[in-house]
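In what follows, a single structure is set out as structure tokens and then discussed.
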Amino acid sequence: MSYLDTKYINLASASLQKFKRVKTGLWTFRCPYCGDSKRNKTKTRGYLYTIKADVNYRCHNCGASMTFSNFLKEIDPIIHKQYVFERFKQGSTG
């Protein structure tokens with residue numbers, strides 16, 4: 001996981017409910033797709049986690065799963081454009 005991923009996870013955290021860093025490489029929050037539980041507003045089943053050098057998103061309620069880049073694109077397209085541009089500047093895109 002790169003510094004750039006951490007930076008943009010923190011930027012996106014403002015639009016995610018109940019966002020919390022659990023440990024290095026693992027964050028949890030309420031799923032923006034299914035909203036988790038309607039009865040219990042404290043449940044957080046959406047996760048950003050690292051596998052090798054990549055960050056992925058997974059919801060343990062609705063089963064939504066995608067890369068961090070695609071998740072960021074759906075949550076905040078403006079921040080996603082900045083993220084892609086900075087990755088391009090670093091040379092970490094294909």
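Take a quick pass over the chain and tell me how many lysine pairs come in under 13 angstrom between Cα atoms, counting only ones 8 or more apart or on separate chains.
Here the count comes out as 5.
With only Lys, Arg, Asp and Glu charged, each at its Cβ (+1 for the first two, -1 for the last two), find how big the charge dipole of the chain is about the Cα centre; round to the nearest 20 debye.
440 debye
Carbon and sulfur atoms: what percent of the 1.4 Å accessible area of the chain do they account for?
Result for the chain: 51 percent of the exposed heavy-atom area is carbon or sulfur.
So, for the chain, what is the accessible surface per residue at a probe of 1.4 Å, expressed in square angstrom?
63 Å²
The values are calculated or read from the model by the stated rules, or taken from the named source; none is laboratory data. Not measured: the values here are computed from a predicted model. Backbone-built Cβ (ideal geometry, glycine too); neighbour counts: all protein chains shown. Keep in mind that these areas ignore ligands, DNA and RNA; they rest on the heavy atoms of the full protein, side chains included. Shrake-Rupley method; radii C 1.70, N 1.55, O 1.52, S 1.80 Å.
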